[in-house]
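Report on one structure; see the data block that follows.
The values are calculated or read from the model by the stated rules, or taken from the named source; none is laboratory data. Model, not experiment: these values are computed from the prediction. So basically every Cβ, Gly included, is an ideal-geometry build from the backbone, and we count neighbours across all protein chains shown. To get the accessible areas, we keep the full protein, side chains included, count just its heavy atoms, and leave off ligands, DNA and RNA. Shrake-Rupley method; radii C 1.70, N 1.55, O 1.52, S 1.80 Å.
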Amino acid sequence: MSTAAPRTALTAPVRELGRAVLFLLTAFSRMRFGRRQFAEILRQVYFAGVRSLVIIVISGFFVGLVLTLQTYDTLTRFGAADAVSTVLALSLFRELGPVLAALLFAGRAGTSITAEIGLMRATEQLDALDLMAIDPMERIVQPRLLAGLIALPALVLIFNVTAIVGGVFFAVFLMGSDPITFWSNMQSSVELVRDFGGGLLKAVCFGFVAAWLAVWFGWSARPTSEGVALATTQTVIATAIAVLILDFILSAFML
Amino acid sequence: MKSSHQIELTAGIFLLLAIAALVFLALHATDRGVVSGDSYELTASFSNVGGLKPRASVSMGGVTIGMVESIDLDPETFEAEVTLLISSEYDNLPEDTSASILTSGILGDQYVGLEPGGSPEALADGDRILITSSAMVLEQLISRYMFNSEGEGEE
Amino acid sequence: MTESSTIAISLKDVTIRLGGRTILEDFNLEIPAGRVTAVMGPSGAGKTTVLRLATGQLRPDHGEVWIGDTRVDRLDGKSLGRLRRDIGVLLQNGALFTDLTSFDNVALPLREHTKLSESLIRRLVLMKLEMVGLRGAADLYPAELSGGMKRRIATARAMALDPKIVFYDEPFAGLDPISLGVSLRLIRDINGALGTTSVVITHDVREVARLADHACIIADRRIIATGTPDELAASEDPLVRQFMQGEPDGPVPFHYPARDLDEELLLQEADS
């Protein structure tokens, strides 16, 4: 028994991962597209995307503001305050935009997806679908997965715009930098494909992982109130870790 | 609870907003590689390119007209072979145009500055710029200055 | 042949284990077509397992499950889907979709499985809602309905495709006397008007007497009695008597199996 216990402690997370991957493969193997499916995806984009908009816009604005404030202060010491827009745009597009938006998305949309599916299981709604010969994978899981894939990149774009607005607000309106220099410095140092496109690719990957984990933890939650509560917490933790690890891997590949 | 109609409409507006953000960022915050439309190639040899990097800008009279495509070492002459990508808009550069590697400001990036000559013939795709001057390397500059001033002192 | 046509559902020598526990063993059950049959038994006896076997959600470790002339436990996913369109199930708390209105809940199976026009679906849904007396609640969400109303909407949803068989899983649990009366009448009406085979899974002995044509009691992993409710009430079998009369102690013990109380108390003292 003493040797079996540590072995299960090691294999349990691996088995959980295996089950999550199988779940994902099942969901994709039963993919079916129709008019109704698109309408459902759009509905889920509303729930995942539009409802995260407020937190994304507010956070984006203040992240842009504080990032500009900090770099402006440091760069002025070297007489390079003009480079503030470069620092802002590069750090936003390449790292902060996708990562912060993904973490906020996990907290706002991921948890509600997990809780929703967990409660559907607890209140036998998934059973009812199954008994009506409606595949819950097709009806519940797929639209949410695809909605995450669409909604997070959209949120990242909006996050980036509001963060730049925050940066402009601080540098141009409060510090009196020249707006033309601000924009031209940003333009000349940010590459469309490598920096901006790379950031968007990250957003797509993060959106997919966040939606997958949220759906999976909801799906596999024990159908009790503690089970759903635990699953919601797990969604946030697992998504945060997965996003940060994935961010490192993707960055390493892109550089 | 909103009706499904309103939900779909709001989701549609949300996606349009994201597309607007995409267009705005792509147009206003990024560099489309300086040369966005048609372009042609020129080459130039320098004995020393200093800190010049690919994608650095190429300008004439302070206006950016292209970018550095690649920098290679010629295996025979041991000179740096720089390939420049010039926007097709500027296809009438005189044949005797000269190229030099310059620095914008003290700490700024290095770029290639072109100086027009007086020839009526224009450079075409694949042509070579013959008159070049290398990057100024600070250490060389200082040592030359010190050497010269010592020489003057002896005279 | 006449024999098999009057039997809607049959389980033959079924054995099933779940989570290491044997739920049913050499279990035999026949449910007649076009009648109201009650499946009774104490909690945890495997009543819901019978439902899950009949709908193909669970497969027996041993034995056969038949619905009409179809062997359920051998069906693949697609044919199982086709079979389930002929079965309506009312789950314990209705299991309505909380993000859809009553109307959309009832319309869902129609939209999913038929190619009817939206106006025809509208008429069908309103008819089903009228049948359960809740046409006025068409635009309400499940959160705005009482427990009894939710179950009636769920009944309308289960009846949406006019199934041949309807299962009711604990339809009376937690209902007030008025809702209970409504539910009883509804089940009888559906059976009477449409000739639907109805299976009521319950432990409410009194309601069964008012409702069922036929009843059976599951206990101890098998059927311990079948017959009309009156026959069961008159049974001399001690287990059946305990269940029908609701006696706290009998063949089904009040105490969960445990060590002798005195012995355990003594042990505790010895420990301290």
All aspartates and glutamates inside 15 Å of A:Lys202 as judged from Cα atoms, apart from same-chain residues fewer than 8 positions distant | A:Glu95, A:Asp247
Once you have the Cα-Cα distance between A:Phe62 and A:Thr233, take 0.36 nm times their residue separation minus that, and quote the gain in nm to one decimal.
-> 59.0 nm
P(r) of chain A over all Cα-Cα pairs, 10 Å bins starting at 0, rounded to whole percent, reads 7, 26, 29, 19, 12, 5, 1, 0
For C:Ala234 and C:Leu126, extending 7 Å from Cα along the Cα-Cβ vector and measuring point to point gives, in nm, a value of 5.0 nm
Where the protein assembly as shown is the region considered: accessible area per residue in Å², 1.4 Å probe | 51 Å²
Row for chain C, column shape: gyration tensor on C-alpha, a ≥ b ≥ c, rounded if a/c < 1.5 i.e. under 1.5, prolate if a/b over b/c, else oblate; value prolate
Roughly how many nanometres apart are two label points built 7 Å out from the Cα toward the Cβ at C:Leu267 and A:Thr181?
-> 8.3 nm
Gyration tensor (Cα) of region C:96-135, equivalent ellipsoid semi-axes in angstrom = 16, 14, 7
Region A:118-254 shape via C-alpha gyration tensor axes, a/c threshold 1.5 = prolate
Evaluate the charge dipole of the protein assembly as shown about its Cα centre and quote only its size in Debye, nearest 20, assuming +1 on the Cβ of each Lys and Arg and -1 on the Cβ of each Asp and Glu.
-> 3700 debye
For region C:187-272, just say rounded, prolate or oblate: build the C-alpha gyration tensor, square-root its eigenvalues into a ≥ b ≥ c, call rounded for a/c under 1.5, and beyond that prolate if a/b exceeds b/c, oblate if not.
-> prolate
Only residues of region C:153-171 count here: report those whose backbone N is under 17 Å from the spot 7 Å along Cα→Cβ of C:Leu140, or say none.
-> C:153-157
Using only protein heavy atoms and a 1.4 Å probe, report how much of C:Asp262 is accessible, in Å² to the nearest 10.
-> 100 Å²
Straight-line reach from C:Lys128: which aspartates and glutamates have Cα under 19 Å away, leaving out those fewer than 8 places along the same chain?
-> C:Asp86, C:Asp104, C:Glu112, C:Glu118, C:Asp139, C:Asp162, C:Asp189
What per residue convex hull volume, in Å³, comes out for region B:91-148 when only alpha-carbon positions are used?
-> 116 Å³
Could you pull out which residues in region C:135-166 have an amide N less than 14 Å from a spot 7 Å beyond the Cα of C:Thr98, following the Cα-Cβ vector?
-> C:141-145
Projected onto the charge dipole of the protein assembly as shown (unit charges on the beta-carbon of Lys, Arg, Asp and Glu, signs +1, +1, -1, -1), the Cα from A:Ala48, A:Ala210, A:Ala242 with the largest positive-side position is that of A:Ala48
In nm, give the distance between the simple-model label positions of B:Met136 and A:Arg15, each being 7 Å from the Cα along the Cα-to-Cβ direction.
-> 7.3 nm
Return the FRET efficiency for the residue pair A:Ser225, A:Phe78: r is the Cβ-Cβ distance, R0 is 56 Å, and the value is rounded to the nearest 0.05.
-> 0.50
Theoretical ellipticity at 222 nm over chain B - DSSP helices of four or more residues, -39500 (n - 2.57) apiece, nearest 500 = -9500 deg cm²/dmol
Under Stokes-Einstein, region C:48-164 at 20 °C and 1.002 mPa s, with its Kirkwood radius over C-alpha pairs, diffuses with a coefficient in µm²/s of 141 µm²/s
Per-pair calculated FRET efficiency, R0 = 41 Å: A:Arg51 and C:Asp69 via Cβ, rounded to 0.05 = 0.25
Across C:Lys115/C:Lys164; C:Lys115/C:Lys150; C:Lys78/C:Lys115, pairs whose alpha-carbon gap is larger than 24 Å = C:Lys115/C:Lys150
For chain C, find the longest principal axis of its Cα atoms and tell me its angle to the long axis of helix C:147-158, 0 to 90°, nearest 10.
-> 60 degrees
Report the dimensions of the protein assembly as shown along its three principal axes from the alpha-carbon atoms, largest first, rounded to Å.
-> 137, 76, 52
Residues listed by number, region B:37-57, amide nitrogen under 16 Å from B:Ser119 label point at 7 Å toward C-beta = B:41-45
